[in-house]
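**Student:** Pasting a structure here, questions to come.
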Amino acid sequence: MLPVFEIAEPLTSALASPKSRVLLKAPTGSGKSTSVPGMLLDAEIPGKILVIEPRRMAARLLAGWVAKQRQSPIGREVGYAVRFDTKYSDDSRIIYMTDGVFQRWIQDEPELPGVGAVIFDEFHERRLAVDITLARCLDLQEKSRPDLRIVVMSATLETGNLAPYLEPVTSLEAGGRTFPVEIKYRPERPPTNDRRGGPPREVPIWERMVKVCAEAMTMDDAGNILMFLPGTHEIRKTIELLSSGSLCRDWDVFPLYSGLPPAAQETAIAPGPRPKIIVATNVAETSLTIDGVRTVIDSGLARIAAFEPRRAINTLLIKKISRAAAEQRAGRAGRTAPGRCFRLWSEPDHARRAEFEAPEIHRVDLAEATLLLKASGVADLRHFRWLDAPAEDALSRAERLLHDLSALDADGVLTDEGKHMAELPLEPRFARLMLAGHENDCMAEAAFIAAAVQGEGIFVTKRGGVSRKDFIFPDDDTDFAGEYRAFDSAVAMGFNPQRCSQIGVLARGAKETAQSLERLQRLAKRFGWSWKPIDFQQNRAAIGKSMLAAFSDQLAIRFSQGTLACKLTGNRRGKLDDESCVKNAPAFVAAEITEVEAREIITHLRRATAIDPSWLAEIFPDDLKSVQGASYDESRRRVVSRTQTIFRDLVIESKESDLNVNLDQAAEILAARVLSGELALKNWDHSVEQWTTRLHVLGKAMPELEMPTWSDEDKADAIAQICHGSISYKDIKDANPWPVLREWLNSSQRSALDSYCPERINLPNGQSAKITYQPDKDPFISVRVSHLFGVWETPMIANGRIPLLVHILTPGQKPWQMTKDLKGFWQSGYFQMKKEVAGRYPRHPWPDDPKTYVPQKK
């Protein structure tokens, strides 16, 4: 009996009352995925029991397994629903489905009529769709469906706040049925040098996997071998190597991944007469039971959902798996007997890995989730019932994109366009593209572009010979016309890899595009949309308008015809692909943006489609504005009037004229160039700088006077006033600044300035000295020693608050000492000066006691 049956009675008891919730922790192999739904059904819980799985393959295979156990054909009592494939009926009581399908189900049927229980399996994977649908089920249960049962199941429940989030909840734990697994680390060796003198060669992951597999196959108790790789490409290369020699002569080798036909998936996991090697993605981590596996070989990698800025979509990126995922994988070797797990990384590397996978809500784009929640009536997503709240910048980015796609208005309210987009099982950008394709009668072309952008790509990496430019014609308006020609050639070749490669086409990518295009055609048919043969030449304007509707946030304009450099929305800059067909277009949208970091970050714009700027007023009238302003003509050194047409923050068109120049703006522009040093005011001289510094010094020293300030902003304002009424440098270069500066102070303030921070100071001995003021330094006077006789204390200004720095000069006007302690100078410094200097200046008085010296009157 499976371990999960130990908790059968407390589980069914906990679900007997209204508003019941159960949190079940049970390790892989306990039987929770296959047995718990049947327990609920046998407990006569009314209505359908929906079992939510993170993967299509698990949903399909689990449904088949449970149907067989309950001795019912698949599709009757037990069924499944995955994307593009469903097999259940109105009479089905247990339905396994993916989280994405369930998200659409609850979107279409918010009250979940006819559903008695929802079981969230493998919750530890923390998929975004699961987080959202669980929250919606909890709200539904609390409001109008108290009879709805909710069960959350996981092999590892690392989320410490999950139980409080589900309160009131019954927490249960079932044991597992596992044997010890020995962990062996096989880290990558340093890259070896290329014999031909090239860069060091890194050993591909499939070569390393096969090497370890060969080691495992020599062991007497190897059992079946399960290999974990990140994706289908790596699986294909591994199987090619395993099958190339006699290594696997006595073994059966099977791939296992989500995209395999169901029959091939079942063959891979079914018992067979010979030992087998199963080369799988992370679909084999949980849920599925594969008998006889005693050896696991783990690459330590997985394709994990993340937002990819290049295509602005959620995609799968190869990442290191967490320690928890590694434990799940290793556990597959200990289901029926002791086993072993080879890890292709080091033990220190394992210790440095994340303990658990980060929830998807912190990794993926939130635009689709935001759209669906808005469509379901959630007005403010920041107050939604999140288990883990999304980052504010991610939420703001999603809302901004939806606004750019016309799905949300300026207040964040769902538009009619947004409601239609939410009905399509596509990411928002491609839902908008399909809707625009329908509106502009170019559905097939829009669908091809959506399929191509979301796929792996149609062209092979450029390596000489045939490339994408060979498919682009000079009169094309979109680079996708060339992609379609390449795709059409691949179709004619039956997607033969060798023949396609000869013309620079990736057969695998073209076939993937064909499958996506076929699905989109079925979707269009379901909505009753017209589908005509693809013709990129005939439908130029329609395609351009559709692409603008879907990619307006990636609108770009060339700086000039002589460069590929462009300006984009969002105050960005980029460079158009030099093979693009839109080099002569006035504007274009880029479906692919790639940032490459070299000395500086270069943003490459690819897969471009030409657009007519006049379409902006038609499609986005609220985002287009005309702005009157002024600009500086560098060549003539004068200000001109400027009329700009701006789309959001991107200047689409700019016209300049010498007429009707705004004088306020002209003054600001000229003043800015004066301040930068580009233009010089000839009469803004030393005397002006002294005046402004005096004003600043006095304001700091005597704040009670409440003198006007003199900051950088004040200087800018003053220069702008001097420039006001002028439009060129010729008008301002000889301008007199004093009329403006005199008006800066009233009469009493001018008197205070002259009194407390004067230009000159009268000394006690009848002499006077000019005061030099310096920004952020002490004001000073420079006086010959003979003119200081009788000045025994340091002179002061600002009502005695600022001592002047005295530059004491020799009779020959050369600096001898700087001091703010003149009394101390007369006590000692004078005598040292006399000792060293008097011999050079015998005609000047050098009394032994300077205080008794009386200058002779001439």
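**Student:** If you go through segment 13-21 one residue at a time, do you hit one that is surrounded by fewer than 18 Cβ atoms within 10 Å (Cβ to Cβ), polar (S, T, N, Q) and part of a helix (DSSP H, G or I)?
**Tutor:** Yes: segment 13-21 contains one or more residues that are surrounded by fewer than 18 Cβ atoms within 10 Å (Cβ to Cβ), polar (S, T, N, Q) and part of a helix (DSSP H, G or I).
**Student:** Do you know which of the residues in segment 167-202 that are modelled with pLDDT of 90 or more and hydrophobic (A, V, I, L, M, F, W, C) is surrounded by the most Cβ atoms within 10 Å (Cβ to Cβ)?
**Tutor:** Residue satisfying both the conditions and the ranking: Val181.
**Student:** Answer with yes or no whether Leu809 is aliphatic (A, V, I, L, M), farther than 30 Å from Met707 by Cα and either in contact with a Gly (Cβ under 8 Å, 6 or more places away or on another chain) or not assigned by TED's automatic domain parsing to the domain that holds Gly699 (or both).
**Tutor:** On the way: aliphatic (A, V, I, L, M): yes; farther than 30 Å from Met707 by Cα: yes; either in contact with a Gly (Cβ under 8 Å, 6 or more places away or on another chain) or not assigned by TED's automatic domain parsing to the domain that holds Gly699 (or both): yes.
Yes.
**Student:** A further question on this structure: Does Glu355 satisfy the condition of being among the acidic types (Asp, Glu) and either modelled with pLDDT under 90 or in contact with a strand residue (DSSP E or B) (Cβ under 9 Å, 6 or more places away or on another chain) (or both)?
**Tutor:** yes
**Student:** So, one more: Restricting attention to segment 1-12, which residues are closer than 24 Å to Val115 by Cα, touching a residue at least 60 places away in the same chain (Cβ under 8 Å) and surrounded by fewer than 20 Cβ atoms within 10 Å (Cβ to Cβ)?
**Tutor:** Selection gives Pro10 alone.
**Student:** Can you pull out every residue in segment 650-669 that is touching a Gly at 6+ places or on another chain (Cβ under 7 Å) and either in contact (Cβ under 8 Å) with a residue 40 or more places away in the chain or farther than 26 Å from Ala716 by Cβ (or both)?
**Tutor:** Leu663
**Student:** Suppose we keep only residues that are under 28 Å from the mean Cα position of the chain (by Cα) and at pLDDT 85 or above within segment 461-485. Which one would you say is surrounded by the fewest Cβ atoms within 10 Å (Cβ to Cβ)?
**Tutor:** Step by step, filter segment 461-485, then rank; the result is Glu483.
**Student:** Restricting attention to segment 22-41, report how many residues are under 21 Å from Ala270 (Cβ atoms) and buried (at least 24 other Cβ atoms within 10 Å of the Cβ).
**Tutor:** 2
**Student:** Of everything in segment 760-814 that's among the acidic types (Asp, Glu) and under 60 Å from the mean Cα position of the chain (by Cα), which residue is surrounded by the fewest Cβ atoms within 10 Å (Cβ to Cβ)? Please lay out each step first, then the result.
**Tutor:** The initial filter retains those residues of segment 760-814 that are among the acidic types (Asp, Glu), namely 776, 778, 793.
Retained after the next criterion (residues that are under 60 Å from the mean Cα position of the chain (by Cα)): 776, 778.
Numbers: Asp776: 7, Asp778: 14.
My answer is Asp776.
**Student:** While we're on this one: Take Leu40 and decide whether it is modelled with pLDDT of 90 or more, touching an Asp or Glu at 6+ places or on another chain (Cβ under 9 Å) and among the aliphatic types (A, V, I, L, M).
**Tutor:** So Leu40 does not fit the description; no.
**Student:** Tell me, which helices (runs of 4 or more DSSP H) lie completely within segment 199-269 with 2 or more residues that are closer than 24 Å to Pro187 by Cβ and aliphatic (A, V, I, L, M)?
**Tutor:** Correct list: 205-217, 232-243.
**Student:** Do we find that Gln749 is surrounded by 12 or more Cβ atoms within 10 Å (Cβ to Cβ), polar (S, T, N, Q), under 15 Å from Thr692 (Cβ atoms) and under 55 Å from the mean Cα position of the chain (by Cα) in this structure? Walk me through how you get there before you give the answer.
**Tutor:** Numbers: surrounded by 12 or more Cβ atoms within 10 Å (Cβ to Cβ): yes; polar (S, T, N, Q): yes; under 15 Å from Thr692 (Cβ atoms): yes; under 55 Å from the mean Cα position of the chain (by Cα): no.
No; evaluated as a whole, the condition is false for this residue.
**Student:** Still on this structure: Listed residues Glu347, Glu355, Glu360; which is more than 14 Å from Val296 (Cα to Cα), among the acidic types (Asp, Glu) and either buried (at least 20 other Cβ atoms within 10 Å of the Cβ) or without any contact (Cβ under 8 Å) to a residue 40 or more places away in the chain (or both)?
**Tutor:** From the options Glu347, Glu355, Glu360, the qualifying one is Glu360.
**Student:** Would you mind finding the one in Glu53, Glu44 that is acidic (Asp, Glu) and crowded, with 24+ Cβ neighbours inside 10 Å? Spell out how you get there, then give the answer.
**Tutor:** Working: Glu44 fails: crowded, with 24+ Cβ neighbours inside 10 Å.
After ruling out the rest, the residue left standing is Glu53.
**Student:** Sticking with this one: Counting only residues that are of a type in the set (Phe, Trp, Tyr) and modelled with pLDDT of 95 or more, give me the strands (runs of 3 or more DSSP E) lying completely in segment 757-820 with at least 2 of them.
**Tutor:** Working: elements: 760-762, 768-770, 780-784, 805-809, 815-819.
Strands (runs of 3 or more DSSP E) meeting the threshold: none at all.
**Student:** Given (1) at pLDDT 90 or above; (2) not assigned by TED's automatic domain parsing to the domain that holds Trp792, where does Lys858 come up short, assuming only one miss?
**Tutor:** With (1) at pLDDT 90 or above; (2) not assigned by TED's automatic domain parsing to the domain that holds Trp792 applied to Lys858, the lone miss is (1).
**Student:** Select from segment 290-307 the residues that are outside any strand (DSSP E or B) and closer than 23 Å to Glu266 by Cβ and list them in ascending order.
**Tutor:** Ile290, Asp291, Gly292 - these are the residues of segment 290-307 that are outside any strand (DSSP E or B) and closer than 23 Å to Glu266 by Cβ.
The values are calculated or read from the model by the stated rules, or taken from the named source; none is laboratory data. Every value quoted in this text rests on a predicted model; they were computed, and no experiment measured them. Cβ: placed from backbone, ideal geometry, glycine included. Neighbour counts: every protein chain shown.
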